[in-house]
1. Could you give me D for the chain, from Stokes-Einstein at 20 °C and 1.002 mPa s, where the hydrodynamic radius is the Kirkwood radius over C-alpha pairs? Units µm² s⁻¹, please.
2. Share of region 3-162's accessible area from carbon and sulfur, percent, 1.4 Å?
3. Take the residue pairs Lys6/Lys85; Lys12/Lys180; Lys53/Lys85; Lys12/Lys107; Lys85/Lys107; Lys107/Lys159 and return only those whose Cα atoms are more than 28 Å apart.
4. Helix 164-173 sits at what angle to the longest principal axis of the chain, using alpha carbons and giving 0 to 90 degrees rounded to 10?
5. What net charge is computed for the residues neighbouring Thr89, neighbours being all others with C-beta under 14 Å from the C-beta of Thr89, Lys and Arg scored +1, Asp and Glu -1?
6. Can you give the relative contact order of the chain as a percent, counting alpha carbon pairs under 8 Å and 6+ residues apart?
7. Taking the chain as the reference, fit the longest principal axis to its C-alpha atoms, fit the long axis of helix 32-54 to the helix C-alpha atoms, and give the angle between the two in degrees, 0 to 90, nearest 10.
8. Once you sort the root eigenvalues of the Cα gyration tensor of region 42-156 as a ≥ b ≥ c, which label holds: rounded (a/c under 1.5), prolate (a/b larger than b/c) or oblate (the other case)?
Amino acid sequence: MAEKQKLNPTLKLVLDIGPLVLFFAANARFGIFAATAAFMVAVLAALAFAYVKTRRLEIMPLVTAVIVVIFGGLTLFLHNAEFIKIKPTILYVLFGGVLLGGLAFNKLWLGILFDSVFDLTEEGWRKLTWRWVIFFFFLAVLNEIVWRNFSTDTWVSFKLFGVVPLTLLFGALQYPLLMKYAANPEEAPTGDGE
């Protein structure tokens, strides 16, 4: 069986953040409704590009694309920006809820999603999952606070310049846990380029 094709990490980051950058730029120039349409197209284009490169669809980008299309479509059809603003809240609660439900039924979904990237012990996956559950719920609450109390432009800026750096920082802060609970410590990344 052939090994699964993987995206270059830099390309994956571009595909993940690129639609958000376009959303920000389109909002600044044309407003929230044009930005929403551009965001929908960009998310679908990124998903299609990733599929062409790897011949598979990853679950998180697929779920994200479906929710973007649904809530973006409602935003445009009803001409109501609240739908696109609550989309992140719903997405974060969905991801956090699925991970939490998995923990309740002893299914470590995070381990299934990232097993090709990290090789952790069961305790490591459990602890990492709890941390992501808490982080997703934190982001949901934060999104609600920002969109309900600030302008649309501030909310759009927050998505790019607040959520993205917070997520990258949170991910980086998990490195000690990844090292401590590596299933094969001798194969764990050392941080010195080896």
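The values are calculated or read from the model by the stated rules, or taken from the named source; none is laboratory data. These numbers were taken from a predicted model, which means no experiment stands behind them. Glycine gets a Cβ as well: all are built from the backbone with ideal geometry, and neighbour counts include every protein chain shown. Calculation scope for accessible area: heavy atoms of the full protein, side chains included, ligands and nucleic acids excluded. Shrake-Rupley method; radii C 1.70, N 1.55, O 1.52, S 1.80 Å.
1. Details: Rh = 18.1 Å.
Translational diffusion coefficient: 119 µm²/s.
2. On the way: 6120 of 8900 Å².
Of the solvent-accessible surface of region 3-162, carbon and sulfur hold 69 percent.
3. Working: Lys6/Lys85 32 Å; Lys12/Lys180 26 Å; Lys53/Lys85 31 Å; Lys12/Lys107 26 Å; Lys85/Lys107 31 Å; Lys107/Lys159 30 Å.
Checking Cα-Cα distances, Lys6/Lys85; Lys53/Lys85; Lys85/Lys107; Lys107/Lys159 exceed 28 Å.
4. 10 degrees
5. Values: positive: Lys85, Lys87, Arg148, Lys159; negative: Glu82, Glu144.
Net local charge, Thr89 excluded: +2.
6. Details: 171 pairs, mean separation 38.4, N = 194.
Taking the mean separation of contacting Cα pairs over the length of the chain, I get 20 percent.
7. 30 degrees
8. On the way: a/c = 2.60, a/b = 1.39, b/c = 1.87.
Oblate.
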